[in-house]
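Visitor: Structure incoming, see below.
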Amino acid sequence: MKILSLSGFVPEQICDTIRFTGYSAGTSISHYCGYASDYISQVLNDASFDGAVFPKSCDSSRIIKSYLGQTDKFVYQLPVPARRDEIAVNYFAGEIRAYKEAVEEHYGVDIANINIKDRIEALNKRNEEIRALYENLEEKSYSEYLRGIHKMLATPLNEQSIPHPGKTNTGGKRVYLVGSFLTSEGILDTLESSGLNVVGDNLTESGRLASITPCKTDGDIYKNISESILSARLSPTQNNFGDILERDLKEIKEKKVKGVIFLTQKYCEPYDYLYSV
Amino acid sequence: MAQSAIKLQSSLMREYYKYFSKYAKGKSPEKKVAWVTAFTPVEILEALGILYYYPESYAAVIAASEREQPLLEKSEQCFLCRDCCSYSCCIEGSLELDDGPRGTLPMPDILIATNNQCNTLPNWWNILAERYGVPLIVIDYPGEAIPRERAYEYVSTQHRDLVARLEELSGNKLDENVLAHYIENSQESVCWWKKIAEALPNKEIKPTALFDDISYLITARCNPNTAELYKAVSEEVNALPDADKSLIPLFWLGYPLWYHPERYLSECLDGFRICGSNYITWWSLDYSGRDVYEKLFSAYNYTFLNLSQKTRTERLTKLIRDSGAVCAVTLHNKSCKCDFVSAKDIGIPQAELEIDMIDRSFLSLEKAKKQIDLLKETVCTR
């Protein structure tokens, strides 16, 4: 089983997935997010993957399945709630269970609760270490940190290693990054060579990953996973820009940030709308 | 009969635009006001005595009045990327400049967005929520992504939650019998509208009339006058001469071009007749179910753009077959990323045009003409 996943909403607690971090020679679709079209290309063209899991969270991800119709690989669209209240937690819990059952059925495997609990514990530990790194970001090389995370997420859980970024020039101008998954790693070099010190971000694979509350292992594990994933600081696809602004601005003030760099993919409407406020 | 249709249209328009700033003369509505997206279960709002308005539809009116360009420019100056949905860019510009052919919409007390047509509208509603500082409710419709039973539980819980929040806002208590009555009105409107739309393949109907007349099904579907209007229009349509079958039957796949006087590229379609359109079927909602909550679920969870690719292909294929179309103009709409993929496997030759339904500057007419000429050649030499 080797499944390519697109989003932080995909529950790593269920089974290993390889996080999509970029792919060249992408399919070109007019007015369509390049990140999603590169993902479609990799699913269709990279024979080393036998499955794909992606959310229904934005307009581009919503129609990925339409473009993957011709593949006989495991293709699963995870319905991510567009809200974060109790109704959403219960709903998402049910959808996580359905995802687990679909993986079991397609691959002919049995994913036992005890295995899920083991993964929950391992993920809690990993996320705690990421959180510790994130909290001391200003002392670390941000490019090494983020590249390390990308490498980590593209590896099965039991082979993952936490990044060990070197020190950075703490005298650099303190900046904060806003955006989705940062596939263009060259931007990181540009930031550092410009003398900027990234002290915080809300990127999917960094600030949001670090903000996830530990997942409980007792009681209904699907509800626990749902609560944990939905506890992360919000994506603009979750429809609470006010919450995002409040949380980002609080961190920006606390970290005495001098400037914000807003990264948007072409045709990524959730971030385009967020940018306007 | 024609006068009756005109009277009904005037009455519906007067009612809808009464509180727009050009006509309200500073007077505010006595009822609470919601801004809603096009596939919101407005029967609930109607039953609770809440007024509701559709910014998307107003963007279409602005473009039809040839006033969209300065508004699009203004929204871009206010940092809203022009790649975003032009409905939103146009209205944001209108709100910034306090400008529009009928003034601006009455101020909202609440914003309600649904994701059963796209995920962009809830994003747009977020920036409206920031602008007005009023509550935002997003209703999440999973569509066909999950089995009906699970979807029903999720959606009906949200509908009940919506009722509770709107009861609190309006101070009114929902009477389910009243709600059932408004749902019946919507069903009646849909029923008569279908009769009109079904006449398109066989009667000499201008698509312009259908693209414009569907607005009542969008903005006033549970108003009894809408069904009355469509009944009158249906009688008019039946009295029209038969379609000229010597012309090439063409399916218009995508939005009307709101800025265009005819709402479609009439100047490029010599020798063709439009015999079908998917847009005019989008609000033919299916309110089937045992009670009000199941009816609302059926109608709003299974909107066309919320269906799987497989179902959309099946529906489109049937629509096209029933229309008798032998080719299609398919619109790659800059503002609607979810729509054009619907046409992936429809099995007839297509001219795929890059357009925007609001922003006239987005179209290369010369290129479109060439593509349509090529389509004609393909059809004629088959």
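The values are calculated or read from the model by the stated rules, or taken from the named source; none is laboratory data. None of the values given here were measured: they were computed from a predicted structure. Here the Cβ positions follow ideal geometry from the backbone for every residue, glycine too, while neighbour counts run over all protein chains shown. Note: accessible area is taken over every heavy atom of the protein model, side chains too, but ligands, DNA and RNA are not part of it. Shrake-Rupley method; radii C 1.70, N 1.55, O 1.52, S 1.80 Å.
Visitor: Would you check if A:TYR222 is in contact with a His (Cβ under 9 Å, 6 or more places away or on another chain) and either within 13 Å of chain B (Cβ to nearest Cβ) or at pLDDT 95 or above (or both)?
Guide: no
Visitor: Give B:TYR132, B:TYR154, B:TYR141 a once-over and let me know the one that is closer than 19 Å to A:ASN240 by Cβ and touching a residue at least 60 places away in the same chain (Cβ under 8 Å).
Guide: Residue meeting the stated conditions: B:TYR141.
Visitor: Give segment B:197-235 a look and list any residue that's basic (Lys, Arg), part of a loop (DSSP other than H, G, I, E, B) and surrounded by fewer than 20 Cβ atoms within 10 Å (Cβ to Cβ), or say none.
Guide: Listed by number, the list holds a single entry, B:LYS206.
Visitor: Moving on. Among the residues of segment B:137-162, count how many are under 24 Å from B:ASP109 (Cβ atoms) and facing chain A (nearest Cβ under 7 Å).
Guide: 5
Visitor: Examine segment A:54-75 for a residue that is out of contact with any strand residue (DSSP E or B) (no Cβ under 9 Å at 6 or more places or on another chain), within 9 Å of chain B (Cβ to nearest Cβ) and over 30 Å from A:SER24 (Cβ atoms), and state whether such a residue exists.
Guide: Taking every residue of segment A:54-75 in turn, none turns out to be out of contact with any strand residue (DSSP E or B) (no Cβ under 9 Å at 6 or more places or on another chain), within 9 Å of chain B (Cβ to nearest Cβ) and over 30 Å from A:SER24 (Cβ atoms).
Visitor: Please find, within segment B:236-253, the residue that is farthest from B:GLN371 (Cα to Cα) out of those that are part of a helix (DSSP H, G or I) and in contact with a strand residue (DSSP E or B) (Cβ under 9 Å, 6 or more places away or on another chain).
Guide: B:ASN238
Visitor: Another question, then. Inspect all residues belonging to segment B:103-120 and state whether any of them is buried (at least 16 other Cβ atoms within 10 Å of the Cβ), among the small types (Gly, Ala, Ser) and within 14 Å of chain A (Cβ to nearest Cβ).
Guide: yes
Visitor: Shifting gears a bit: So which of A:ALA93, A:ALA82, A:ALA122 ends up being among the small types (Gly, Ala, Ser), within 14 Å of chain B (Cβ to nearest Cβ), under 23 Å from the mean Cα position of the chain (by Cα) and more than 30 Å from B:PHE340 (Cα to Cα)?
Guide: Going through A:ALA93, A:ALA82, A:ALA122 in turn, just one is among the small types (Gly, Ala, Ser), within 14 Å of chain B (Cβ to nearest Cβ), under 23 Å from the mean Cα position of the chain (by Cα) and more than 30 Å from B:PHE340 (Cα to Cα): A:ALA93.
Visitor: Take residues that are of a type in the set (Phe, Trp, Tyr) and tell me which of the strands (runs of 3 or more DSSP E) falling wholly in segment A:1-97 contain 2 or more.
Guide: A:74-79
Visitor: Here is a further query. What about A:TYR99, is it surrounded by 20 or more Cβ atoms within 10 Å (Cβ to Cβ), facing another protein chain (nearest Cβ under 10 Å) and not aliphatic (A, V, I, L, M)?
Guide: no
Visitor: Could you please tell me which pairs satisfy a Cβ distance under 9 Å, a separation of 6+ or placement on different chains, a first residue in segment A:146-173 that is closer than 20 Å to A:LEU196 by Cα and outside any loop (DSSP other than H, G, I, E, B), and a second residue that is open to solvent by 40 Å² or more (accessible area, probe 1.4 Å) and not hydroxyl-bearing (Ser, Thr, Tyr)?
Guide: From residues that are closer than 20 Å to A:LEU196 by Cα and outside any loop (DSSP other than H, G, I, E, B), the pairs are A:LEU146/A:GLU185; A:ARG147/A:GLU185; A:GLY148/A:HIS164; A:LYS167/A:GLU139; A:LYS167/A:LYS140; A:LYS173/A:LEU196; A:LYS173/A:LYS258.
Visitor: So which of B:ILE358, B:ILE372 ends up being outside any loop (DSSP other than H, G, I, E, B) and touching a helix residue (DSSP H, G or I) at 6+ places or on another chain (Cβ under 6 Å)?
Guide: Selected residue: B:ILE372, the only one of B:ILE358, B:ILE372 that is outside any loop (DSSP other than H, G, I, E, B) and touching a helix residue (DSSP H, G or I) at 6+ places or on another chain (Cβ under 6 Å).
Visitor: Which residues, counting only those in segment A:235-267, are within 14 Å of chain B (Cβ to nearest Cβ), over 24 Å from A:PHE92 (Cβ atoms) and in contact (Cβ under 8 Å) with a residue 60 or more places away in the chain?
Guide: A:VAL260, A:PHE262, A:LEU263, A:THR264, A:GLN265, A:LYS266, A:TYR267
Visitor: Within segment B:316-345, take every residue that is of a type in the set (S, T, N, Q) and in contact with a Cys (Cβ under 6 Å, 6 or more places away or on another chain) and give me the one that is nearest to B:SER88 (Cα to Cα).
Guide: Checked segment B:316-345; the qualifying residue nearest to B:SER88 (Cα to Cα) is B:SER335.
Visitor: When both residues are 6+ apart or on different chains and their Cβ atoms are under 6 Å apart, which pairs have a first residue that lies in segment B:305-318 and is on the phi < 0 side of the Ramachandran plot and assigned to a helix (DSSP H, G or I), and a second that is of a type in the set (Ser, Thr, Tyr) and at pLDDT 95 or above?
Guide: Final answer for the pair search is B:ASN306/B:TYR141.
Visitor: To continue, here is another question. Would you pick out the residues in segment B:137-153 that are more than 20 Å from B:PHE304 (Cβ to Cβ) and over 24 Å from the mean Cα position of the chain (by Cα)?
Guide: B:GLU149, B:ARG150, B:GLU153
Visitor: Does B:ASN172 satisfy the condition of being touching a Gly at 6+ places or on another chain (Cβ under 6 Å) and either away from chain A (no Cβ under 14 Å) or open to solvent by 10 Å² or more (accessible area, probe 1.4 Å) (or both)?
Guide: Taking the combined requirement at face value, the residue satisfies it.
Visitor: Yes or no: segment A:175-182 includes at least one residue that is over 24 Å from A:GLU128 (Cβ atoms) and over 18 Å from the mean Cα position of the chain (by Cα).
Guide: yes
Visitor: Is one or more of the residues making up segment B:242-250 under 30 Å from B:CYS85 (Cα atoms) and modelled with pLDDT of 95 or more?
Guide: Looking for residues that are under 30 Å from B:CYS85 (Cα atoms) and modelled with pLDDT of 95 or more, one finds at least one in segment B:242-250, hence yes.
Visitor: Now, a different point. Among the residues of segment B:18-45, which ones are in contact with a strand residue (DSSP E or B) (Cβ under 8 Å, 6 or more places away or on another chain) and part of a helix (DSSP H, G or I)?
Guide: B:SER21, B:LYS22, B:TYR23, B:ALA24, B:VAL42, B:LEU45
Visitor: Yes or no: segment A:6-20 includes at least one residue that is in contact with a strand residue (DSSP E or B) (Cβ under 9 Å, 6 or more places away or on another chain), among the polar types (S, T, N, Q) and modelled with pLDDT of 95 or more.
Guide: Within segment A:6-20 (the criterion being in contact with a strand residue (DSSP E or B) (Cβ under 9 Å, 6 or more places away or on another chain), among the polar types (S, T, N, Q) and modelled with pLDDT of 95 or more), the answer is yes, since at least one residue qualifies.
Visitor: Here is a follow-up. Sort out for me the helices (runs of 4 or more DSSP H) sitting completely within segment A:182-263 that have 1 or more residues that are open to solvent by 40 Å² or more (accessible area, probe 1.4 Å), over 24 Å from B:ASN115 (Cβ atoms) and not basic (Lys, Arg).
Guide: A:186-193, A:241-254
Visitor: Still on this structure, please answer the following. Taking B:ALA328 and the conditions (1) touching a residue at least 40 places away in the same chain (Cβ under 8 Å); (2) surrounded by fewer than 19 Cβ atoms within 10 Å (Cβ to Cβ); (3) away from chain A (no Cβ under 11 Å), which numbered condition does it fall short on, given that it satisfies the others?
Guide: (2)
Visitor: Now for a different question. Out of B:TYR259, B:TYR302, B:TYR264, which single residue is away from chain A (no Cβ under 14 Å), surrounded by 18 or more Cβ atoms within 10 Å (Cβ to Cβ) and closer than 22 Å to B:ASN115 by Cα?
Guide: Of B:TYR259, B:TYR302, B:TYR264, the one residue that is away from chain A (no Cβ under 14 Å), surrounded by 18 or more Cβ atoms within 10 Å (Cβ to Cβ) and closer than 22 Å to B:ASN115 by Cα is B:TYR302.
Visitor: Please find, within segment B:75-91, the residue that is farthest from the other protein chains (Cβ to nearest Cβ) out of those that are more than 30 Å from B:LEU296 (Cβ to Cβ) and surrounded by 24 or more Cβ atoms within 10 Å (Cβ to Cβ).
Guide: B:CYS89
Visitor: List every residue pair whose Cβ atoms sit under 6 Å apart, with the two residues 6 or more apart in sequence or on different chains, where the first one lies in segment B:272-299 and is crowded, with 23+ Cβ neighbours inside 10 Å and the second, anywhere, is hydroxyl-bearing (Ser, Thr, Tyr) and in a loop (DSSP other than H, G, I, E, B).
Guide: Taking only residues 6 or more apart or on different chains, the pairs are B:LYS295/B:TYR287; B:ALA299/B:TYR287.
Visitor: While we're on this one: So which residues in segment B:334-345 are in contact with a strand residue (DSSP E or B) (Cβ under 8 Å, 6 or more places away or on another chain) and either of a type in the set (Ser, Thr, Tyr) or open to solvent by 10 Å² or more (accessible area, probe 1.4 Å) (or both)?
Guide: B:PHE340, B:SER342, listed by residue number.
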